[in-house]
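Structure first, then comments.
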Amino acid sequence: MTNNSLAIERKSSASTLSDMELFVFPELMYALVLANIMSPCIWQWRNDPWFKNIESMNPYKRILRLKQYIMDHYVFNLDLETWGLTTQERELARFKDYIDINTLEKSNALFGYEGDKYYFDVDIRKHFGLDKYKGNVIPYWKTETIEAMNAFIHKENYRTGAGECVSLATLYAAALFIVARIPLRDIYLMATPLHSQDFIDIKDGILTNNRRLVTKNMWINGTEISAKARRALEKERVTIVAHESGCIHILYLDATIDRKAYQGFVKKLTSFVETSLTPEVLGNFIRYRRDLQKCFQIRWNIHGADYYIEAEHVFSYETHSPYFFTSQNRSLLINDIDAESFHTSPLSRRIIFNDLETYVKHNPVNLHAADDIYRLRKEFESDCMNAAIAIESLIEFCIIKPTVPTEEGKKFTPYKKPLSITLAMERSDIINHLRTIRHDNCVADLAFYAYRDLNETDVEPFLQAAIERNSVSCNGLQSYTIDDTITHIQTFRDESIYPEKGRCAQPDEVWNYRRGDGIEKALLLANVIHSKDPEKVISITILPHTALVEYEDKKISFDSTKGLSKQMWHIAKGNITVQPDKKHIPQEIS
């Protein structure tokens, strides 16, 4: 492996942005954030009436406003067919020179890692729908740019944009900066083997979880939504943390993130996921652990007399009520329960929750102190459940120790030039600034590759990604002859999902959304021809308004408005060359 081959592979990965590529090349995660910031799409949101007067709101309300917009305009998508499948063997062979394979298999969900066995009731392959495929088939799970997310509206059965968890995390990070006006220094992106999310460092902290937000209060409220949000940090290791200053990876010894910023993040995140035991938290825990509710009863005074009701009955009423048992509106919730549901005498074998609640209120419990835990355990004694296990579960509910990359053994080396992007900058300022620092900051450089601007980048990495990692279009056209393929592609709408000059879609994006510029359609055709017969020599000639595909004795031209400079792309036997020499390029195409 040479430094040049590593650079090309990383730049090529910026065009496909699969979860696997982001794991091997962690700089790509923030490169996509920057690509989304460079895009005009999110900047246009600021003109939406939904965000009118957002500047006058406090940061939390601005973030809530943004959350609702994302909830309304995007859905979570993890469909296996969207970006296609590959195999473990193929990906291991591809990355063997860049990462230790044995370590990879213990760290990445696509290669056998399953986190804590408690994380899923079923195995990983079944959970993701991979059990229907034979062998070591794994999904590409490409992370979408904002344009590719928006373009889902053109797919059948989609009414809005869509994206997988990394797409939503990077979208949130860019939108938090552009629309909610949160400084990039306060936004951290986290990847675990099975999930990606952001931590926003304002007040007690906020987590993004796909489309939703999780505050500290929500983190500990015990609802099903919060339980799902907790899983990644409860059951998995954080493999990557990405920040404006750089990133840190669980496997790599070199880290580019600012050390003080990272230490502050770890401290804030640890505080976010830990809470003291209060009566409210105790109730939240019982809500969270439905299996333990059968061991508790609620005492309630009705007309001067004490009555009793099963805890699971009370918590089930929350599903259809605006009130929580653990809130100040407890009486409003319980008053909605039919009187015949109550018992006149205490239920046998059940702990009276009110007494346990009173104990916690008047006897503050330090869950780090053995004596306090012992005394609390006595209150949990019951022949309905194992008190020791219940207390252990309560501690785990209140105190999570996130497994983030350790500083031990890491060499913190910042980029020669920091990003230094501020809220005062407009989009054009940011793009110009990134141009000036891209040679001294690899994330800035990779951002242009993730942005897909072929006027600003080397073309070979983009073409390599197109030919090697766009299987969906090839499979979709597998039964077509080449002539039928040409006819079918020509029916696609003459409209790129990247409307700006120079920016180009990958073949599978053209195929999925049934639209593309002439250059994009030409590359889709070349990809299909190459997949059918890798020995064929294919050339694509790029002229100001035309893309000409040539193979054997055939010539097919497509109109283009991308404004690329004159050049020739040659594809043969998996090798790609770009010939910018104008004397070899015809001036006109008939």
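The values are calculated or read from the model by the stated rules, or taken from the named source; none is laboratory data. Note that the structure is predicted; figures quoted are calculated from it, not measured. Neighbour counts are summed over all protein chains in view; Cβ atoms, including those assigned to glycine, are modelled from backbone coordinates with ideal geometry.
What number of residues in the stretch 135-152 are part of a strand (DSSP E or B) and within 11 Å of Thr16 (Cβ to Cβ)?
Pass one, the stretch 135-152, residues part of a strand (DSSP E or B): 137-139, 142.
Next cut, within 11 Å of Thr16 (Cβ to Cβ) only: 142.
So the answer is 1.
Please tell me if Ile337 is among the β-branched types (Val, Ile, Thr) and touching a strand residue (DSSP E or B) at 6+ places or on another chain (Cβ under 8 Å).
yes
Does Tyr30 meet the test of being touching an Asp or Glu at 6+ places or on another chain (Cβ under 8 Å), buried (at least 20 other Cβ atoms within 10 Å of the Cβ), assigned to a helix (DSSP H, G or I) and at negative phi?
Yes; evaluated as a whole, the condition is true for this residue.
Can you work out which of the residues in the stretch 141-161 that are over 16 Å from Pro507 (Cα atoms) and among the polar types (S, T, N, Q) is modelled with the lowest pLDDT?
Per the stated criteria, the residue is Asn157.
Just to verify a result, which residue in the stretch 203-229, among those that are of a type in the set (A, V, I, L, M) and either modelled with pLDDT under 95 or farther than 19 Å from Leu189 by Cβ (or both), is surrounded by the fewest Cβ atoms within 10 Å (Cβ to Cβ)?
Looking at residues that are of a type in the set (A, V, I, L, M) and either modelled with pLDDT under 95 or farther than 19 Å from Leu189 by Cβ (or both), I get Ile225.
Just one of the numbered conditions (1) over 9 Å from the mean Cα position of the chain (by Cα); (2) free of Cβ contacts under 8 Å to residues at least 60 places away in the same chain; (3) buried (at least 22 other Cβ atoms within 10 Å of the Cβ) is not true of Arg159; which one?
Failing condition for Arg159: (3).
Return a yes/no flag: does the stretch 566-585 have any residue that is closer than 25 Å to Thr457 by Cα, at pLDDT 95 or above and assigned to a loop (DSSP other than H, G, I, E, B).
Scanning the stretch 566-585, I find no residue that is closer than 25 Å to Thr457 by Cα, at pLDDT 95 or above and assigned to a loop (DSSP other than H, G, I, E, B), so the answer is no.
Only one residue in Gln197, Gln263 is among the polar types (S, T, N, Q), assigned to a helix (DSSP H, G or I) and more than 27 Å from Asn53 (Cβ to Cβ), so which one is that?
Of Gln197, Gln263, the one residue that is among the polar types (S, T, N, Q), assigned to a helix (DSSP H, G or I) and more than 27 Å from Asn53 (Cβ to Cβ) is Gln263.
Glu55: within 28 Å of Ser245 (Cβ to Cβ), surrounded by fewer than 19 Cβ atoms within 10 Å (Cβ to Cβ), in the same structural domain as Ala169 (by TED's automatic domain parsing) and acidic (Asp, Glu), yes or no?
Yes: the conditions hold for Glu55.
Taking the stated definitions as given, is Thr487 in the same structural domain as Gly246 (by TED's automatic domain parsing) and part of a helix (DSSP H, G or I)?
Taking the combined requirement at face value, the residue does not satisfy it.
Pairs only if they're at least six apart or on different chains, beta carbon under 7 angstrom, first in the stretch 163-175 and farther than 17 Å from Ala14 by Cα, second basic (Lys, Arg) and part of a helix (DSSP H, G or I); list them, first residue then second.
none
Considering only residues that are of a type in the set (S, T, N, Q) and assigned to a loop (DSSP other than H, G, I, E, B), which ones fall in the stretch 536-563? Show your work before the answer.
Kept after step one, since they are of a type in the set (S, T, N, Q), are these residues of the stretch 536-563: 539, 541, 546, 557, 560-561.
Listed by number, the residues that qualify are Ser560, Thr561.
One line per residue, one yes/no per condition, for (1) among the hydroxyl-bearing types (Ser, Thr, Tyr); (2) under 19 Å from Ser226 (Cβ atoms):
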site	(1), (2)
Lys294	no, no
Trp300	no, no
Gly304	no, no
Tyr308	yes, no
Thr319	yes, yes
Thr326	yes, yes
Ser331	yes, no
Ile334	no, no
Ser341	yes, no
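Pick from the stretch 39-83 the residues that are among the aromatic types (Phe, Trp, Tyr) and part of a helix (DSSP H, G or I): which of them is nearest to Lys216 (Cα to Cα)?
Here is the first cut: in the stretch 39-83, the residues among the aromatic types (Phe, Trp, Tyr) are 43, 45, 50-51, 60, 69, 74, 76, 83.
Now drop any that are not part of a helix (DSSP H, G or I), which leaves 43, 45, 50-51, 60, 69, 83.
Working: Trp43: 29, Trp45: 28, Trp50: 26, Phe51: 25, Tyr60: 13, Tyr69: 22, Trp83: 35 Å.
Among residues in the stretch 39-83 that are among the aromatic types (Phe, Trp, Tyr) and part of a helix (DSSP H, G or I), the one nearest to Lys216 (Cα to Cα) is Tyr60.
Failed condition for Ile337, given (1) assigned to a helix (DSSP H, G or I); (2) in contact (Cβ under 8 Å) with a residue 24 or more places away in the chain, with all others met?
Failed condition: (1).
Thr87 fails exactly one of the following numbered conditions: (1) surrounded by 15 or more Cβ atoms within 10 Å (Cβ to Cβ); (2) more than 26 Å from Arg181 (Cβ to Cβ); (3) out of contact with any Pro (no Cβ under 8 Å at 6 or more places or on another chain); (4) among the β-branched types (Val, Ile, Thr). What is the number of that condition?
Tallying (1) surrounded by 15 or more Cβ atoms within 10 Å (Cβ to Cβ); (2) more than 26 Å from Arg181 (Cβ to Cβ); (3) out of contact with any Pro (no Cβ under 8 Å at 6 or more places or on another chain); (4) among the β-branched types (Val, Ile, Thr), Thr87 fails exactly one: (1).
Counting just the residues of the stretch 501-525 that are of a type in the set (Gly, Ala, Ser) and in a helix (DSSP H, G or I), which one comes out surrounded by the most Cβ atoms within 10 Å (Cβ to Cβ)?
Ala522
Would you point out the residue of the stretch 460-482, among those that are within 27 Å of the chain's Cα centre (by Cα) and in a loop (DSSP other than H, G, I, E, B), that is nearest to Pro507 (Cα to Cα)?
Checking each candidate, the answer is Asn470.
Give the stretch 239-279 a look and list any residue that's more than 22 Å from Asp445 (Cα to Cα) and crowded, with 23+ Cβ neighbours inside 10 Å, or say none.
If the condition is that a residue be more than 22 Å from Asp445 (Cα to Cα) and crowded, with 23+ Cβ neighbours inside 10 Å, then Thr239, Tyr262 are the ones that fit.
Report, by residue number, each residue of the stretch 18-49 that is at pLDDT 95 or above and aliphatic (A, V, I, L, M).
Leu28, Met29, Ala31, Leu32, Val33, Leu34, Ala35, Ile37, Met38, Ile42
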